[in-house]
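J.: A single structure is presented below for examination.
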Amino acid sequence: MTLQDILKLAPVVPVLIIEEEAHAVPLAKALVAGGLYALEVTLRTPVALDSIRRIAGEVEGAVVGAGTITTASARQSVADAGAKFGVSPGLIEGEGFDGPVPLLPGIATATELMWGLRAGYTHFKLFPANIVGGVGALKAFASPFPQATFCPTGGVSLDNAADYLAQPNVICVGGSWVAPMDAVRAGDWGRITELARAASQLGKAA
Ligand code: 3PG
């Protein structure tokens, strides 16, 4: 599956911070039950790699990826754990599109976008989307950079996701709102499935 195929699976890629490995499988199952399939497990907790491994091995229908990749070695580690894609908050020096997992790098400016295009990327995370110009920035990038497609992330919610998804150069959005920490900690998988269902019914044609 190409990165583009993965990003087209659903309109929203959940950004997940998993504090306990025991949460990984039920959380991923709850999101898949709600219609969200590409899941970004951020490398922000000690159990992130094990969580990726568990989801990759145990959750049918999930396409697990890793987020907060900031080094080449982390990109290799997540591939070894079974991640099918990676997400980075920015461009990683020396890392192009080709590598152990396809990478969705974050960009915030035209210069970063130009560097990314030169490194072979066509899909970018606009990050942090709401801070660096939101829909206005995407409209402004569309004309000089018709070859670039975006997954805006950072400050995206059910309230503004549809505006982002309506942009022709947006393939999907990313966000943590579908897996609130209080629901995860409480094991409220039903609530997470409901949030995922609402998110999966947003705009973008799959
Ligand atoms: C992140 O890396 O934490 C993402 O950008 C998620 O942002 P959000 O919490 O605003 O959805």
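J.: Identify, among Ala48, Met1, Ala66, the residue whose Cα sits farthest towards the positive end of the charge dipole of the stretch 1-112, taking +1 on the Cβ of Lys and Arg and -1 on the Cβ of Asp and Glu, with the dipole about the Cα centre.
T.: Met1
J.: Also, I was wondering about something else. With every protein chain present, what is the per residue accessible area of the stretch 132-183 (1.4 Å probe, Å²)?
T.: Each residue of the stretch 132-183 exposes 38 Å² on average to a 1.4 Å probe.
J.: Around Gly90, which amide H atoms from residues at least 5 apart in sequence, or from another chain, sit under 5 Å from its own amide H, with H modelled in the peptide plane?
T.: Here the answer is Gly106, since their amide H atoms fall under 5 Å of that of Gly90.
J.: If R₀ is 30 angstrom, what is the calculated FRET efficiency for the pair Thr122 and Leu158, using the beta carbon separation as r and rounding to 0.05?
T.: Working: r = 28 Å, r/R0 = 0.92.
It comes out at approximately 0.60.
J.: List, in order, the whole-Hz ³J(HN,Hα) value for each residue of the stretch 42-58 obtained from phi through the Karplus relation with A = 6.51, B = -1.76, C = 1.60 and θ = phi - 60°; use x for Gly and Pro.
T.: For the stretch 42-58, the Karplus-derived couplings read 6, 7, 10, 9, x, 9, 4, 5, 5, 5, 4, 4, 5, 5, 4, x, 10 Hz, x marking Gly and Pro.
J.: Here's a follow-up. Just the Kirkwood number for the chain, please: inverse of mean 1/r across all distinct Cα pairs, in Å, one decimal.
T.: Roughly 16.6 Å, rounded to one decimal.
J.: Further question on the same structure: Could you tell me the relative contact order of the chain? Use alpha-carbon pairs under 8 Å, at least six residues apart, and round to a whole percent.
T.: Working: 436 pairs, mean separation 49.8, N = 206.
Across the chain, relative contact order equals 24 percent.
J.: Keeping all protein chains in place, calculate the accessible area per residue for the stretch 1-118 (probe 1.4 angstrom), answer in Å².
T.: 41
J.: Based on the Cα atoms of the stretch 137-206, what semi-axes does the equivalent ellipsoid have, where each is the square root of 5 times one gyration tensor eigenvalue, given in whole Å with the largest first?
T.: 28, 12, 8
J.: To the nearest 0.05, what FRET efficiency results for Ile131 and Glu60 with a Förster distance of 45 Å applied to their C-beta separation?
T.: So the FRET efficiency works out to roughly 0.80.
J.: Distance in nm between label sites at Thr111 and Phe97, each 7 Å beyond Cα in the beta-carbon direction?
T.: About 2.4 nm separates the two model spin labels.
J.: Amide H of Val13: which non-local residues (sequence gap of 5 or more, or other chain) have their own amide H closer than 5 Å, using H built in the peptide plane?
T.: Amide H neighbours of Val13, under 5 Å, 5+ apart: Val173, Gly174, Gly175.
J.: With everything on Cα atoms, drop me the angle between helix 72-81 and the longest principal axis of the chain, reported from 0 to 90° to the nearest 10.
T.: Between helix and principal axis, roughly 40 degrees.
J.: Given a Förster distance of 35 angstrom, what is the FRET efficiency for Val25 paired with Ser143, based on the Cβ-Cβ distance and rounded to 0.05?
T.: With a Förster radius of 35 Å, E is 0.20.
J.: In addition: At a 1.4 Å probe, what is the % contribution of carbon and sulfur to the accessible area of the chain?
T.: Carbon plus sulfur share of accessible area: 54 percent.
J.: Under 18 Å from the Cα of Lys125, which aspartates and glutamates turn up, not counting those fewer than eight places away in the same chain?
T.: Within the straight-line cut-off, Lys125 pairs with Asp5, Glu40, Glu93, Glu95, Asp98, Glu112, Asp163.
J.: What does the stretch 113-154 give for Rg and for Dmax, in Å, if only its C-alpha atoms count?
T.: 9.8, 26
J.: Output needed for the stretch 52-144: three equivalent-ellipsoid semi-axes, defined as square roots of 5 times the C-alpha gyration tensor eigenvalues, in descending order, whole Å.
T.: For the stretch 52-144, the ellipsoid semi-axes come out as 26, 15, 10 Å.
J.: Can you list, bin by bin at 5 Å, the percent of alpha carbon pairs in the stretch 1-105, starting at 0?
T.: 2, 15, 27, 26, 19, 8, 2, 0
J.: Determine ³J(HN,Hα), in whole Hz, for all residues of the stretch 83-88 in sequence, where each value follows from phi through the Karplus function 6.51 cos²θ - 1.76 cosθ + 1.60 and θ = phi - 60°; x replaces Gly and Pro.
T.: 5, 9, 7, x, 10, 10
J.: How big is the Rg/Rh ratio for the stretch 91-201, C-alpha atoms only, Rh by Kirkwood, two decimals?
T.: 1.03
J.: Across the stretch 17-22, in residue order, what do the Karplus-derived ³J(HN,Hα) couplings come to in whole Hz, using 6.51 cos²θ - 1.76 cosθ + 1.60 with θ = phi - 60° and x for Gly and Pro?
T.: Per residue, the Karplus-derived 3J(HN,Hα) values read 10, 9, 8, 10, 4, 5 Hz.
The values are calculated or read from the model by the stated rules, or taken from the named source; none is laboratory data. A quick note: this is a predicted structure, and the numbers were derived from the prediction, not measured. Heads up, the Cβs are rebuilt from the backbone with ideal geometry, glycines too, and the neighbour counts pull from every protein chain shown. Remember, those area values only see protein heavy atoms, side chains included, never the ligands or the DNA or RNA. Shrake-Rupley method; radii C 1.70, N 1.55, O 1.52, S 1.80 Å.
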